[in-house]
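Since the structure comes first, as structure tokens, the remarks are kept for the end.
What follows is calculated from the coordinates using simple rules that are stated; it is not laboratory data. Bear in mind that the values here come from a model prediction, so they are computed numbers and not experimental data. So basically every Cβ, Gly included, is an ideal-geometry build from the backbone, and we count neighbours across all protein chains shown.
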Amino acid sequence: MNIAAAIAPYLPYLRRFSRALTGSQTTGDAYVVALLEAILADGTQFDAKLEPRIALYCAYCHLWESISLNLRKAEPDPGIEATAQGQLSKIVPKAREAFLLMAVEGFNAAEVGLILRTTATQTRALLDEASQTIITQVATDVMIIEDEPIIAMDLERILQGLGHRVLGIARTQKQAVSMAHSTKPKLMLADIQLADGSSGLDAVNEILDHFPVPVVFITAFPERLLTGAKPEPAFLITKPFIPDMVRAVICQALFFDKKAKPANERDTGRGSASLFTD
């Protein structure tokens, strides 16, 4: 099997990782394109001795780390991108990569170490550092758009465990729009397909016409949204999800929101915590 065929199934998920790392669909996709061009130009950048998915992420992280801009603390500058970079600069680059590789992409600690070329002790230290930094940075008011009660309850529990306040749960597009207007959430978690056959995407778009708010989408079919052919969400949770992934994506989305409040400015009632469960 050639390299293109080996990596093709993993490209939608690499785009998800790249967007989460950079906070932008445009920037994240540009890095993936740059990686593919580099692999085509020099096949040795893809380690064929490794499992293809691991080899692909190894090559991506090597590319990302090779660009000095990614390793530099952002200078203050107006705008959401500058705000995002300033937030992310509080986590050292290696810790950010480790955090997203495990919590969003589902690699285990040994695989994260292989991708980042770190020892087991170094990998755990990176994950602990990322968890502690992120979990103390943001807590906010969240609205859930989800028609399955059990999933909605799981999301509510995870959000509350991170110190967020859940404003309400909407099961249809109409309920979501009405609830958003009355509660003014600072973050929305939105399923794609809702109870009455309406669309979570349509609900979110209608809400965003009136006021900006970061959105994390939830879907069982990420490949339908991560095609690279049209505007797509930067923050995506795949069903069935694990709590670590939800925690990671929520925290990352809020890192890129200039209105997010540090958790220590709110009465969250939390002590020391970790994003990763044992």
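Descriptive notes on the structure:
- In plain terms, the residue of I150, I67 with the fewest other Cβ atoms within 10 Å comes first and the most crowded comes last, giving I150, I67.
- Ranked packing of 54-61, 116-123, 241-248, most packed first, by mean Cβ within 10 Å: 54-61, 241-248, 116-123
- Nearest-0.05 FRET efficiency for K239 and A4, computed from C-beta distance (R0 30 Å): 0.60
- Residues I7, I237, ranked from the fewest to the most other C-beta atoms within 10 Å, line up as I7, I237.
- The fewest-to-most ranking of I207, I250, I145 by surrounding Cβ atoms within 10 Å reads I207, I250, I145.
- Amide H to amide H distances under 5 Å link A139 with K261, A263, where only residues 5 or more positions off or on other chains count and H is placed in the peptide plane.
- Using the Cβ-Cβ distance between D196 and V33 with R0 set to 45 Å, the FRET efficiency works out to roughly 0.70.
- Additional length obtainable on full extension of the chain from K174 to R117, 0.36 nm per residue less Cα span: 15.6 nm
- Three-way shape call for region 134-197 based on the alpha-carbon gyration tensor, with the a/c threshold at 1.5: oblate
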